[in-house]
Amino acid sequence: MSAISEQKIPVLRELEPLLPANEAVIKDRIVSSIYQQAEAICRQAVKTGKPPVNLDARLDGILTSRWLGFPIMLLLLALVLWITITGANYPSQLLAGGLFWLEEQLASLFMAWGAPAWLYGILILGVYRTLAWVIAVMLPPMAIFFPLFTLLEDLGYLPRVAFNMDNLFRRAGAHGKQCLTMCMGFGCNAAGVTSCRIIDSPRERLIAILTNTFSVCNGRFPTLIVLATIFMGALVAPAYSSMLAALVVVGIIMTGIVVTLFISYLLSRTLLRGVPSFFVLELPPFRKPQLGQIIIRSLLDRTLFVLGRAVVIAAPAGALTWILANSFVGDVSVFTRLTSWLDPLGQIMGMDGIILMAFLLGLPANEIVLPIIIMGYMSAGSMLELDSMSALRTLLLDHGWTWITAICVMLFSLLHFPCGTTLYTIFKETRRARWTLLALLLPLILGILTTLLVNQGAGLIKL
Amino acid sequence: MTVNCHIVSTEPGKDNPTVRNHFIIALAGNPNVGKSTVFNRLTGMKQHTGNWPGKTVIKAEGTFYHRNRRYTLVDLPGTYSLHAGSADEQVARDFICFSRPDITLVVSDATCLERNLNLVLQVLEITSQVVLCVNLMDEAKRKRIQVDTEKLAQELGIPVVGTAARSGQGLNRLKNVLGDMVDGKIVTSPRCVVYDQELESLVQQIEPRLAIYMPNWVNRRWVALRLLEGEFNLLNHIPHNALMDYPRGEIKEDGALCLL
Amino acid sequence: MHSSLSLADIPVGSSARITSIVTIGPNRRRLLDLGLVPGSRVDSIRRSPAGNPTAYWIKGTVIALRNEDASQILVDTRGVF
Ligand SMILES: Nc1nc2c(ncn2[C@@H]2O[C@H](COP(=O)(O)OP(=O)(O)OP(=O)(O)O)[C@@H](O)[C@H]2O)c(=O)[nH]1
Ligand SMILES: [Mg+2]
């Protein structure tokens, strides 16, 4: 009999003599009986006609084929991002223009009302500006990305990706369903961490939890998209710019996948040693997605929901940043003091103190990293009217950004600590501070090392 | 062979028929059969759905009103059986087995009913208050699979409703059936799997001895079978004394990693 | 009669009937619950690009198993078409 504490359960003490030793055989007999009944019932109640041409099998034959399986995955990823970037470009500009026009109106309202400068500063330059950037930068790409992703999800493509990728995860000593949890992570890492519950083996579940942050979540997508567009996109003719930008973002995502596999491999050979457990995955039939539903749903439920959450966090963060940037100790602002303290580290990582500060302040939500960087630069003296992407580009260039800086920021966006919500979820799911700490340190150390290498490497070959 | 087993009734009206106006319905079923879609349709809520098994991993509650009754519907993660493996399946198993919902609404996939019936028959071993919703009828039709819901109801001894939840087809009927069930207008006589003689005689010896160790609502035949299978862990989920008890629908949400 | 042929050995496109399952413990239960009970028919339908896992048609659904897990399921190909 099993080692269950029998003192605690008196009924077992009484029944022990009755329970036979061959539990496993009994289990088999029970399941077999149930299945026999199920079969008998189905013979009565279910009639199968001649099945129509199996389109599923044909589609599977292509999507999981030996030669086309992987290229199609890559192509779809690139296509989704390309559509997102191309489609988001114009609405983003429009939104930025509109929101900053509104800012001017609000400003003159404040003037007319005779509001004190500090109030104007906190509310307009702090809160409103941050919100405007969050909305202009996040809304359009999300409104395009979510429906596209949901389309693939409802079609039934995700399990096929897991089927294709499983061998890599198996070699890394991880579970094939980790791939599904990563897909959830592309939406939100906190949701991705919770979805790791579908993995039976605690060891493999923990690996999936610890590496989920390497899936770029929607809080980080916009940062990547904006930076890729204004730095890499600008390197080529306008006609190809969004294509190049999409490829750069694909590159970052792929880096994330490679890092996930590599860290999973390391973990399953060190801290979380073990052999791959059992893997079963159902590949459901493809189902025709309902386009209208998908668009409404992903706009209303997901895009606006995520945006709402970002706004709630961005508003106080904007106020805080403004206050830090405008409270002076001596003749230097607190913000500048803090950032200049971080500056040396930032510089060797190819970035600067303001960027690192933005990542730190962005702990509650990655969405606000870029707005804080912008605010940091603007409060540092620049009197720019920031109403378009090209203005943003000028602002960043003015502060010494090169495309190496952009690459380092993108890499650090991929590889730094998970956001606050995700860390909290990791703690809830693992119930251990040490795993939560590891989930924080692992990507952070990796991020510091990577950006350091990239920056120093670029310096060496004089790019 | 069809036998109407004696099932300890979890009949809803029992607690206090005149006052009870609020009922708890658990949504059970294999993964990816449309449980969350049914849930959204009935409650008007927006649980995420997606065409892959494992989309829902934590339970969600929603309410709807029908014929002046209030229902709390509990959307659960999908599970292939009541022998939970992963954490999401545990959440489902715990709710179905130990929270005593007034009705367990099992959603199943019309295109592969046989495998789905594995779970249905297991649920029928726990409670008699079960309604079967055969979902994805539109898909089945497309694949030329005909499910005779009346025949199925006869065979299983419980109400069966065919639906296509995504387009809302059959859901009004489903609500009416749920209403009739809580009103006591539908009396079920669930089909019970009868095992081989040796097993059945063991069950008969064990069952009566369980009485003093657990409250009356616990289905002792089911517990006896699980003990024979060596699933002693389930004893941790039920009170160890006939007089101890906890309220309906209450079960602590869990699913955190416990081993490491 | 026990053949030593396992599910992992049968070529894609062919069918077999399950004779027994070697796996023990919770994984055995898992397989049984998916409908992989002795006596049921299984069709091997496709391999993933890397050759592992393999997808099988079992009781109206497609289930993917890694080859090392499928090798724990013994099958008989005689009399199955
Ligand atoms: N054609 C059709 N599709 C449906 C129907 N009901 C649900 N679906 C689709 O089936 C897929 C699965 O639905 P869900 O509601 O997420 O299934 P679930 O049972 O909650 O799945 P898990 O949470 O993973 O256990 C979704 O893509 C739905 O849109 C239906 O009646 N007909
Ligand atoms: Mg669901």
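Have a look at B:His22, B:His83, B:His66 and point out the one that is farther than 16 Å from B:Leu171 by Cα, more than 17 Å from the chain's Cα centre (by Cα) and more than 13 Å from ligand 1 (Cβ to nearest atom). Being farther than 16 Å from B:Leu171 by Cα, more than 17 Å from the chain's Cα centre (by Cα) and more than 13 Å from ligand 1 (Cβ to nearest atom) holds for just one of B:His22, B:His83, B:His66, which is B:His22.
Please work out which residue is nearest to A:Arg287 (Cα to Cα), limiting yourself to segment B:148-168 and to residues that are in contact with a Gly (Cβ under 9 Å, 6 or more places away or on another chain) and open to solvent by 20 Å² or more (accessible area, probe 1.4 Å). Of everything passing the filter in segment B:148-168, B:Arg166 is nearest to A:Arg287 (Cα to Cα).
Of all the numbered requirements in (1) more than 14 Å from chain B (Cβ to nearest Cβ); (2) in a strand (DSSP E or B), A:Lys47 misses one, and that requirement is (1).
Each residue in segment B:42-59 was checked for being more than 12 Å from chain A (Cβ to nearest Cβ) and either within 12 Å of ligand 2 (Cβ to nearest atom) or surrounded by fewer than 22 Cβ atoms within 10 Å (Cβ to Cβ) (or both), and 2 pass.
Here are C:Ile63, C:Ile45, C:Ile10: which of them is within 24 Å of A:Ser65 (Cα to Cα), open to solvent by 20 Å² or more (accessible area, probe 1.4 Å), among the hydrophobic types (A, V, I, L, M, F, W, C) and in contact with a strand residue (DSSP E or B) (Cβ under 6 Å, 6 or more places away or on another chain)? Going through C:Ile63, C:Ile45, C:Ile10 in turn, just one is within 24 Å of A:Ser65 (Cα to Cα), open to solvent by 20 Å² or more (accessible area, probe 1.4 Å), among the hydrophobic types (A, V, I, L, M, F, W, C) and in contact with a strand residue (DSSP E or B) (Cβ under 6 Å, 6 or more places away or on another chain): C:Ile45. The residue list C:Val22, C:Val37 contains one member that is of a type in the set (A, V, I, L, M) and touching a residue at least 40 places away in the same chain (Cβ under 8 Å), which is C:Val22. Taking the stated definitions as given, is C:Val37 more than 9 Å from the chain's Cα centre (by Cα) and within 14 Å of chain B (Cβ to nearest Cβ)? Here the answer is yes, as C:Val37 does meet what is asked. Looking at C:Pro38, is it in a loop (DSSP other than H, G, I, E, B), within 23 Å of A:Lys27 (Cβ to Cβ) and open to solvent by 10 Å² or more (accessible area, probe 1.4 Å)? In short, yes.
If you check A:Leu227 against the conditions, is it modelled with pLDDT under 95, of a type in the set (A, V, I, L, M) and open to solvent by less than 10 Å² (accessible area, probe 1.4 Å)? When the stated conditions are applied, A:Leu227 passes them. Taking the criterion of being more than 8 Å from ligand 1 (Cβ to nearest atom) and either open to solvent by 30 Å² or more (accessible area, probe 1.4 Å) or under 17 Å from B:Asn172 (Cβ atoms) (or both), the residues of segment B:25-41 that qualify are B:Ile25, B:Arg41.
Restricting attention to segment B:196-228 and to residues that are free of Cβ contacts under 8 Å to residues at least 12 places away in the same chain and under 22 Å from A:Gln37 (Cα atoms), the residue that is surrounded by the fewest Cβ atoms within 10 Å (Cβ to Cβ) turns out to be B:Gln197. Given the structure, is B:Leu105 in contact (Cβ under 8 Å) with a residue 40 or more places away in the chain, more than 16 Å from ligand 2 (Cβ to nearest atom) and buried (at least 21 other Cβ atoms within 10 Å of the Cβ)? Criteria not met by B:Leu105. Could you tell me which of the residues B:Leu113, B:Leu73 is within 20 Å of B:Val38 (Cβ to Cβ), open to solvent by less than 10 Å² (accessible area, probe 1.4 Å) and in a helix (DSSP H, G or I)? B:Leu113 is the lone residue from the list that is within 20 Å of B:Val38 (Cβ to Cβ), open to solvent by less than 10 Å² (accessible area, probe 1.4 Å) and in a helix (DSSP H, G or I). What residue, of A:Gly219, A:Gly274, A:Gly233, is in the same structural domain as A:Ala365 (by TED's automatic domain parsing) and open to solvent by 10 Å² or more (accessible area, probe 1.4 Å)? A:Gly274 is the lone residue from the list that is in the same structural domain as A:Ala365 (by TED's automatic domain parsing) and open to solvent by 10 Å² or more (accessible area, probe 1.4 Å). In the set A:Leu395, A:Leu384, A:Leu415, only one residue is modelled with pLDDT under 90 and open to solvent by less than 10 Å² (accessible area, probe 1.4 Å); that residue is A:Leu395.
The residues of segment A:434-463 that are over 24 Å from A:Gly187 (Cβ atoms) and within 13 Å of chain B (Cβ to nearest Cβ) amount to a single one, A:Arg434. Residue selection: C:Ile58 satisfies the criterion of being closer than 20 Å to B:Leu119 by Cβ and within 11 Å of another protein chain (Cβ to nearest Cβ).
Checking B:Thr104, B:Thr111 one by one, the residue that is within 14 Å of chain C (Cβ to nearest Cβ) and within 15 Å of ligand 1 (Cβ to nearest atom) is B:Thr111 and no other. The criterion of at least 1 residues that are basic (Lys, Arg) and either within 11 Å of chain B (Cβ to nearest Cβ) or within 16 Å of ligand 1 (Cβ to nearest atom) (or both) is met, among helices (runs of 4 or more DSSP H) falling completely within segment A:191-301, by A:202-211, A:291-297. Counting only residues that are in a loop (DSSP other than H, G, I, E, B) and within 15 Å of ligand 1 (Cβ to nearest atom), which one in segment A:149-190 is least open to solvent (accessible area, probe 1.4 Å)? Ranking the qualifying residues of segment A:149-190, first place goes to A:Gly156. If you check C:Asp9, C:Asp69, C:Asp33 for being farther than 22 Å from A:Asn164 by Cα and acidic (Asp, Glu), only one passes: C:Asp33.
Residue count for segment B:85-100 under the criterion of being within 16 Å of ligand 2 (Cβ to nearest atom) and either under 18 Å from B:Gly179 (Cα atoms) or surrounded by 21 or more Cβ atoms within 10 Å (Cβ to Cβ) (or both): the result is 9.
The residues of segment A:79-125 that are over 15 Å from A:Pro141 (Cβ atoms), part of a helix (DSSP H, G or I) and of a type in the set (Gly, Ala, Ser), listed by number, are A:Gly97, A:Gly98, A:Ala107, A:Ser108, A:Ala112, A:Ala117, A:Gly121. Condition first: over 22 Å from B:Val161 (Cα atoms), within 12 Å of ligand 2 (Cβ to nearest atom) and surrounded by fewer than 24 Cβ atoms within 10 Å (Cβ to Cβ). Can you find one or more residues in segment B:76-84 that meet it? Checked segment B:76-84: no residue is over 22 Å from B:Val161 (Cα atoms), within 12 Å of ligand 2 (Cβ to nearest atom) and surrounded by fewer than 24 Cβ atoms within 10 Å (Cβ to Cβ). Note on segment A:25-64: residues that are open to solvent by 30 Å² or more (accessible area, probe 1.4 Å) and touching a residue at least 60 places away in the same chain (Cβ under 8 Å) total 3. Scanning segment B:81-99 for residues that are facing chain A (nearest Cβ under 9 Å) and not in a helix (DSSP H, G or I) yields B:Ser81, B:His83, B:Gly85, B:Ser86.
The values are calculated or read from the model by the stated rules, or taken from the named source; none is laboratory data. Here the structure is a predicted model, which means the values were calculated and not measured. Cβ coordinates were reconstructed from backbone atoms using ideal geometry, including for glycine residues, and neighbour counts include every protein chain displayed. Just so you know, the surface numbers come from the protein's heavy atoms only, side chains and all, with ligands and any DNA or RNA stripped out. Shrake-Rupley method; radii C 1.70, N 1.55, O 1.52, S 1.80 Å.
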